[in-house]
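Q: The structure that follows is given in the form of structure tokens.
The values are calculated or read from the model by the stated rules, or taken from the named source; none is laboratory data. Values in this document were obtained by computation on a predicted structure and should not be read as measured data. All Cβ positions, even for glycine, are placed from backbone atoms using ideal geometry, and neighbour counts span all protein chains on display.
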Amino acid sequence: MANIPNIPNIPGDNNSPSTPNGMPNIPNIPGATPNIPNIPSGAPNVPNVPSSTPSIPGKEPAKPSVPSGDAIAQQLKEIEEIEKRNKEEKRRKEEAERKRQAEAAQKKAEAEAKAKAEAEAKAKVEAERIKAEAEAKKAEAAKAKAEAEARKAEAALRKKQMDAEERTKKANSRKRFRLGCLGIILVIFLFSWISSSIKSCQEDREREEAIAEAEANVSEMEKQGLAEETTEPAVSADPTVKIDPSLDIQKQLEVYYDYVYNEEDGFYKIKKNNKYGLATTKGVVVCKPIYDYIYSKDDDTGLIKVQKDSKYGFLNAKGQEILAPTYDYLYSLDDDTGLIKVQKNSKYGFITTSGKLVVAPLYDYVYSVDNESGLMKVQKNSKYGFINPKTFKEVTPCIYSYIYSLDGGLYKVQIDNKTGFLNKDGSVFKNPE
């Protein structure tokens, strides 16, 4: 049997060249064309055998040997075995690969399962953490709400306490205010009472003085009669005023005073510092400018009314003060009595045309003279009586609630729902009963 040359690229030899499908290349055998069975597709190509052997130095190169059919068959068989081994190896590799892949898939699945479990555990832990945080936040919110409610309740309590304190303060303030007002009212009342008492005492004293003055004047008039005016020449009340009777009197007076009015009723009215006085037509200052106003002479009495500090008095025809300005008002001459009614402290009395007080201002109201009896009804403290304007005396005390004039020369009087009668001279005819 001819020797078969070594076939290179035996499967399994990693150093042998191989076809792309892993089969060895079969060399071409020169001079022989045996029937080669069909090699299935995918079988490795047999490498080409070189057509000549290498030459040996010094020797003649040998001829290449041609393999026989058996050799080829054997070779093919070996190739088939190699292919089987390759297939088996491939199967084992594929099986190993599938196993490896299965194991890898299992490991991957296990890893994924583990990762999923870990992720789920982590997610569960995170969820629990989030839940715990939510619960904590909820608890914190509940705590904050409770604290807010507590603060609100505390604020409401403080407000209630403050309102109560404010109400107490206001109540105390109102109480203090009422007490203060009560104290002020009490002080005012005491002051008014004291003032009223003082005023009453003063009025009583003034009334007593007026009564005494009136009685003294009446007594003097009864003894001496009404005094006549003296004819003594006027004496200057201001010696500093020097007047030359031969020159213009008014022009000379204007040197001393702010204004000099034209002569009226025998006098020049002079004015200085908004005060008024009188000077005669001869330039004699009979009344210094001390009055707030001087009225014109009264034609019936010849008296000149003056005003000072809202009070009234009289000057006589000579410009001399005969009644100091102490009365609230001076009325005109009463033709029936020949007296002048005066008012002081809302009470009424009478003076003569000479300025003599004859009826003290004690009466709340004075009526006209009764022409039949000649008496004058007067009212005092809501009670009625009579005075005689000729004698200036109170002939009937002011004790009656009413006094009515009757025909026949009598007066009907009433006191405490009892009725009596008076004579026309004011004396008692019949006591009330």
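Residue by residue, here is whether (1) under 26 Å from the mean Cα position of the chain (by Cα); (2) loosely packed, with under 11 Cβ neighbours inside 10 Å holds:
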residue: 177; (1), (2): yes, no
residue: 183; (1), (2): no, no
residue: 195; (1), (2): no, no
residue: 205; (1), (2): no, yes
residue: 211; (1), (2): no, no
residue: 215; (1), (2): no, no
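Q: Would you point out the residue of segment 376-404, among those that are loosely packed, with under 14 Cβ neighbours inside 10 Å and in contact (Cβ under 8 Å) with a residue 12 or more places away in the chain, that is nearest to residue 339 (Cα to Cα)?
A: Among those that are loosely packed, with under 14 Cβ neighbours inside 10 Å and in contact (Cβ under 8 Å) with a residue 12 or more places away in the chain, it is 390.
Q: Which one is modelled with the highest pLDDT, of the residues in segment 188-221 that are more than 18 Å from residue 392 (Cβ to Cβ) and small (Gly, Ala, Ser)?
A: Only one residue fits best here, namely 192.
Q: Separate question: Restricting attention to segment 302-316, which residues are surrounded by 16 or more Cβ atoms within 10 Å (Cβ to Cβ) and either within 56 Å of the chain's Cα centre (by Cα) or closer than 9 Å to residue 292 by Cβ (or both)?
A: Of everything in segment 302-316, those that are surrounded by 16 or more Cβ atoms within 10 Å (Cβ to Cβ) and either within 56 Å of the chain's Cα centre (by Cα) or closer than 9 Å to residue 292 by Cβ (or both) turn out to be 306, 307, 308, 311, 312.
Q: Among the numbered criteria (1) part of a loop (DSSP other than H, G, I, E, B); (2) under 12 Å from residue 398 (Cα atoms), which one does residue 378 miss?
A: Condition (1) is where residue 378 drops out.
Q: May I ask you to list the residues in segment 374-405 that are out of contact with any helix residue (DSSP H, G or I) (no Cβ under 8 Å at 6 or more places or on another chain), farther than 18 Å from residue 433 by Cα and hydrophobic (A, V, I, L, M, F, W, C)?
A: 375, 376, 378, 386, 387, 395 - these are the residues of segment 374-405 that are out of contact with any helix residue (DSSP H, G or I) (no Cβ under 8 Å at 6 or more places or on another chain), farther than 18 Å from residue 433 by Cα and hydrophobic (A, V, I, L, M, F, W, C).
Q: Which residue out of 328, 336 is within 24 Å of residue 387 (Cα to Cα), surrounded by fewer than 22 Cβ atoms within 10 Å (Cβ to Cβ), in contact (Cβ under 8 Å) with a residue 40 or more places away in the chain and charged (D, E, K, R)?
A: Criteria check complete, one pass: 336.
Table: residues versus (1) part of a strand (DSSP E or B); (2) closer than 19 Å to residue 213 by Cα; (3) at pLDDT 90 or above.
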residue: 295; (1), (2), (3): yes, no, yes
residue: 300; (1), (2), (3): no, no, no
residue: 314; (1), (2), (3): yes, yes, yes
residue: 331; (1), (2), (3): yes, no, yes
residue: 337; (1), (2), (3): no, no, no
residue: 340; (1), (2), (3): yes, yes, yes
residue: 348; (1), (2), (3): yes, yes, yes
residue: 361; (1), (2), (3): yes, yes, yes
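Q: Which ones in segment 376-424 are of a type in the set (S, T, N, Q) and either in contact with a Ser or Thr (Cβ under 9 Å, 6 or more places away or on another chain) or over 30 Å from residue 217 (Cβ atoms) (or both)?
A: 382, 396, 401, 405, 414, 417, 419, 423
Q: Being of a type in the set (D, E, K, R) and more than 23 Å from the chain's Cα centre (by Cα) is the filter here; which residues of segment 149-163 pass it?
A: Within segment 149-163, 149, 151, 152, 154 meet the criteria.
Q: For segment 283-297, what are the residues that are surrounded by fewer than 14 Cβ atoms within 10 Å (Cβ to Cβ) and over 60 Å from the mean Cα position of the chain (by Cα)?
A: Listed by number, the list holds a single entry, 296.
Q: Now, a different point. Among the residues of segment 363-375 satisfying the criterion of being out of contact with any Phe, Trp or Tyr (no Cβ under 7 Å at 6 or more places or on another chain), part of a strand (DSSP E or B) and in contact (Cβ under 8 Å) with a residue 24 or more places away in the chain, which is surrounded by the fewest Cβ atoms within 10 Å (Cβ to Cβ)?
A: Only one residue fits best here, namely 368.
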